[in-house]
Amino acid sequence: MMGKTLKNCAIVRCFDYFLSRGEAICRASVPGRIGRWFSRVYAHSAVKRGMDAFRERGCAAEFSLYGRAMAVLHRLCARFGLWLLPILHASLIYRGCTAAGRWCLGIAKGSVLGRLWAKAGFDFRRFLIFVFSLYLPIDWMLRDVLKIAALASVWDELFFLGSAAVVVWLRIKDRNWDGKTRVTALDIPILLFCAVGFFLMCVNAPVPSIAVAGLRATIQYMLWFFVIARLLRDRGDLFTLCAGIAAVGVAMALHGIAQFILAVPIPDSWTTDSEAAIRTRAFSITGSPNILGAYLVLTAPIIAGFIYQLEKPWAKFLCWGCLGAEMLCLLATYSKGAWVGMVVAVLTFALLLDRRLLGVLAGGVSAVMFVPSISTRIAFLFTDEFATASAIGGRSLRWGIGLGLLEENPLFGFGLGRFGGAVAMQNQYLEITEDFYYFYMDNYYLKIAVEMGYIGIIFFAFLMICLLITGVKAVMRAEPHKVTNLRADGSVKRHHYTGGVKPMITGIAAGLTGVAAHCFFENIFEEPYMMALFWGLAAAVAVGTKCGNAKHSRE
């Protein structure tokens, strides 16, 4: 009933009318005719054949020495399970835990929470995925609300170890699971970067404790990739992960909008004297407009993917509202780096799924330029005052100092944890002078280069390029479940995406690309939850096609 109401309401009908009219005008225009000509030429070109071969090429990592080693480990786990499971099933501990679990399920079965659990098809594995998607609010609750320092400092490590233990247990228990080893194209690049980090820590550690802390901050949360890649099994798991992370983003967006409306006080350092029109900046529970902007860049394309993927009109309408709230909050952060990241994310989403969004992007950017506070902040970038401020205490000065430190030891770097990030800020053991002092680099790639030298940044760049290639291939191979509506003359009127994982995978890939672009202007990965969620979603991209091809576990 609600779906029919939404379909027949004036707003939706006007939107459909203007969209169809705009598409008709574009098709009849010179650029539209040129685009169709290129499409016909591309269909029979060598480039098309090369892209098809790229899409169909399997994962070489599965047949590598690493892949064979993982297959051997998988068989060993299966054999170990044949011996271990009968002993566990007969033990008092296992029977006691099973009885306690049945008792808890019996109590919760009739409750609202129990019914929601059953309707969502949750089991313990999917529950872990859902908890992971709530990484940020859980961390915020423990650190800033409950202020349980002892638990706040270790909960994420305990959660990681527990999740890894569940992965091992499922590997032993579910011997016939068709996911097998779940070797991906990103496994080796991540392990190589971790190995290089360990090597640099050993050869360039003036203060060993700081080097260990620096390595931990750099690679620890990457390891979530391996756990999430092995927890995800079907479309329901993928939906749970994306929906949870996106829901947190929407909640923070609404909170940020409320902060902006109420003009919550902010530090003077967040604005300059020439930006008097900016009353406040949204930061929500992150404590930083830039980090909030990065989270919105990560989640907004995922919500856009849901708009294409979900079938029910009320669900699409809800996602449109959530996407609008996130875009409004992104503007309220006044984070220039996040704005750049969002433009990159939208470009990526449009090129991979729907090129009509390029016109929407151009129109949106043109419209927001008429907002005085936004146009003033952007125009400030091209003034002599900004150049002077940047050279005195801004990014230009910071990047210059960082490059100077890199020149002291270009091959191995200045040392892990010694400069440019949170570990260095917390362990300022070098003497502060007029020419040297500690600060955040405001460029994560430069921070990696300064601490790890050319060796580290080369392997990190290789990792990020592999991630980009994996994302493109995942989108190309994902099942779109696309339904095409035709006009009376047989031409394509509109494409609808109904239920496939391609829009969802595209949204994840676009969000990751946007955050990667934002890292050129901020130390985004200095926040543990941002790095954990980034690599968790990277795992979803790497195994998303397998999840999409697998049946829903409750279907």
| remark: Filtering region 180-235 down to residues that are assigned to a helix (DSSP H, G or I), under 21 Å from V166 (Cβ atoms) and among the aliphatic types (A, V, I, L, M) yields I190, M222, L223, V227, I228, A229, L231
| field | Cβ pairs under 6 Å, 6+ apart, first in region 519-540 and over 9 Å from I228 (Cβ atoms), second among the acidic types (D, E) and in a helix (DSSP H, G or I) | value | Y529/D139
| message | Filter region 202-211 down to the residues that are open to solvent by 10 Å² or more (accessible area, probe 1.4 Å) and either modelled with pLDDT of 95 or more or of a type in the set (G, A, S) (or both) and list them by number. | response | A205, S209
| request: Could you tell me whether region 491-498 includes any residue that is modelled with pLDDT of 90 or more and of a type in the set (F, W, Y)? | output: no
| field | Identity of the residue in region 103-120, open to solvent by 90 Å² or more (accessible area, probe 1.4 Å) and either over 27 Å from R235 (Cα atoms) or in contact with a strand residue (DSSP E or B) (Cβ under 6 Å, 6 or more places away or on another chain) (or both), that ends up modelled with the lowest pLDDT | value | I107
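Let's see how each residue does on (1) within 27 Å of W320 (Cβ to Cβ); (2) surrounded by fewer than 19 Cβ atoms within 10 Å (Cβ to Cβ):
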{"position": "G214", "(1), (2)": "no, no"}
{"position": "Q220", "(1), (2)": "no, yes"}
{"position": "V227", "(1), (2)": "no, no"}
{"position": "A246", "(1), (2)": "yes, no"}
{"position": "A253", "(1), (2)": "yes, no"}
| field | Subset of region 333-361 [over 16 Å from L323 (Cα atoms) and at pLDDT below 80] | value | R356, G359
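Yes or no, residue by residue, for (1) among the β-branched types (V, I, T); (2) in contact with a Pro (Cβ under 9 Å, 6 or more places away or on another chain):
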position: Y221; (1), (2): no, yes
position: D234; (1), (2): no, no
position: T240; (1), (2): yes, no
position: A253; (1), (2): no, no
position: I257; (1), (2): yes, no
position: G287; (1), (2): no, no
position: I291; (1), (2): yes, no
position: T299; (1), (2): yes, no
| Could you list, in sequence order, the residues of region 440-454 that are open to solvent by 40 Å² or more (accessible area, probe 1.4 Å) and either touching a Cys at 6+ places or on another chain (Cβ under 7 Å) or part of a helix (DSSP H, G or I) (or both)? | Y454
| Residue check for L262: touching a Leu at 6+ places or on another chain (Cβ under 6 Å), modelled with pLDDT of 90 or more and not small (G, A, S) | no
| query | In region 277-298, what count of residues is obtained for those that are open to solvent by 40 Å² or more (accessible area, probe 1.4 Å) and among the hydrophobic types (A, V, I, L, M, F, W, C)? | reply | 1
| request: Determine which single condition L82 fails, assuming it passes every other condition in (1) open to solvent by less than 60 Å² (accessible area, probe 1.4 Å); (2) assigned to a helix (DSSP H, G or I); (3) at pLDDT below 75. | output: (1)
| Test result for P301, at pLDDT 90 or above and either open to solvent by 60 Å² or more (accessible area, probe 1.4 Å) or touching a Cys at 6+ places or on another chain (Cβ under 7 Å) (or both) | no
| query | Scanning for something buried (at least 22 other Cβ atoms within 10 Å of the Cβ), more than 23 Å from the chain's Cα centre (by Cα) and over 23 Å from G471 (Cα atoms), does region 174-194 turn up at least one residue? | reply | no
| Filtered residues of region 320-350 (kept if under 18 Å from the mean Cα position of the chain (by Cα) and either at positive phi or open to solvent by 20 Å² or more (accessible area, probe 1.4 Å) (or both)) | C322, L323, M327, W339, V340, V343, V344, V346, L347, T348
| request: Scan region 72-106 for residues that are farther than 18 Å from V168 by Cα and more than 38 Å from the chain's Cα centre (by Cα) and report the count. | output: 7
| What single numbered condition from (1) open to solvent by 30 Å² or more (accessible area, probe 1.4 Å); (2) at pLDDT 75 or above; (3) on the phi > 0 side of the Ramachandran plot fails to hold for Y437? | (3)
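The values are calculated or read from the model by the stated rules, or taken from the named source; none is laboratory data. Small disclaimer: the values here were computed from a predicted structure and weren't measured. Every residue, glycine among them, receives a Cβ derived from its backbone with ideal geometry; neighbour counts consider all protein chains shown. SASA here: full protein model, heavy atoms, side chains in, ligands and nucleic acids out. Shrake-Rupley method; radii C 1.70, N 1.55, O 1.52, S 1.80 Å.
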